[in-house]
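Notes for the one structure printed next.
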Amino acid sequence: MGTERADTDAKTDGGLAGAVGRVTSILAIPYGYTVTLGAAALLAVARLGAPSEMEALCFVVGAVLGFILLAAIGRPYLAAEIPMRVPWLVVFNLFPIVAALAVIAFPAHLLGGKLGYFAISLLATTVYVLCLALFIRIRDRVSGG
């Protein structure tokens, strides 16, 4: 126990750099998801035009539904406390780029407005969450965890 406390103290005594490290580690996943949905929204507008109010609502519903469905799949394994501990490499969050590439490859224009906006946000959410989950799973297997 004493060693754990000493490790924690050492990580928080780094002055401004230590504080920046703490903040970026806390924000890594929400930041990546925010960038993912922002990029998906911009790409949707570029492909489908400015959304109507109903299309914007469809975008939100797609993102929320995607998140809820993935949370339901992982429900037995949800951490008791949020945010859960994740590998420090998650700070180098490249997964929004993967999600944006998936959205670019997806033929949303064939679906039209409402369904296209819904599908883009659902796809972006799913790709981001699955990329992170796969990364954490691989890291755990490599480290024997």
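The C-beta contact set for segment 109-135 (first residue within 15 Å of residue 39 (Cβ to Cβ), second residue acidic (Asp, Glu), distance under 8 angstrom, 6+ apart or interchain) comprises 117/55.
If I filter segment 29-39 for residues that are at pLDDT 95 or above and small (Gly, Ala, Ser), do I get at least one hit? Scanning segment 29-39, I find at least one residue that is at pLDDT 95 or above and small (Gly, Ala, Ser), so the answer is yes. Within segment 50-63, the set of residues being within 14 Å of residue 115 (Cβ to Cβ), small (Gly, Ala, Ser) and assigned to a loop (DSSP other than H, G, I, E, B) comprises 52 only.
Listed here are the residues, each with its yes/no results for (1) touching a residue at least 60 places away in the same chain (Cβ under 8 Å); (2) part of a helix (DSSP H, G or I); (3) exposed (fewer than 14 other Cβ atoms within 10 Å of the Cβ).
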{"position": "40", "(1), (2), (3)": "yes, yes, no"}
{"position": "43", "(1), (2), (3)": "yes, yes, no"}
{"position": "65", "(1), (2), (3)": "no, yes, no"}
{"position": "68", "(1), (2), (3)": "no, yes, yes"}
{"position": "71", "(1), (2), (3)": "no, yes, yes"}
{"position": "74", "(1), (2), (3)": "no, yes, yes"}
{"position": "80", "(1), (2), (3)": "no, no, yes"}
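Output yes when any residue across segment 23-30 is surrounded by 11 or more Cβ atoms within 10 Å (Cβ to Cβ) and either closer than 18 Å to residue 104 by Cβ or touching a Ser or Thr at 6+ places or on another chain (Cβ under 8 Å) (or both), and no when none is. Checked segment 23-30: no residue is surrounded by 11 or more Cβ atoms within 10 Å (Cβ to Cβ) and either closer than 18 Å to residue 104 by Cβ or touching a Ser or Thr at 6+ places or on another chain (Cβ under 8 Å) (or both).
The set of residues in segment 91-145 being among the small types (Gly, Ala, Ser), more than 29 Å from residue 79 (Cβ to Cβ) and surrounded by 15 or more Cβ atoms within 10 Å (Cβ to Cβ) consists of 108, 113, 116, 119. For residue 52, the requirement of being closer than 22 Å to residue 104 by Cα and of a type in the set (S, T, N, Q) is met.
The values are calculated or read from the model by the stated rules, or taken from the named source; none is laboratory data. Values in this document were obtained by computation on a predicted structure and should not be read as measured data. So basically every Cβ, Gly included, is an ideal-geometry build from the backbone, and we count neighbours across all protein chains shown.
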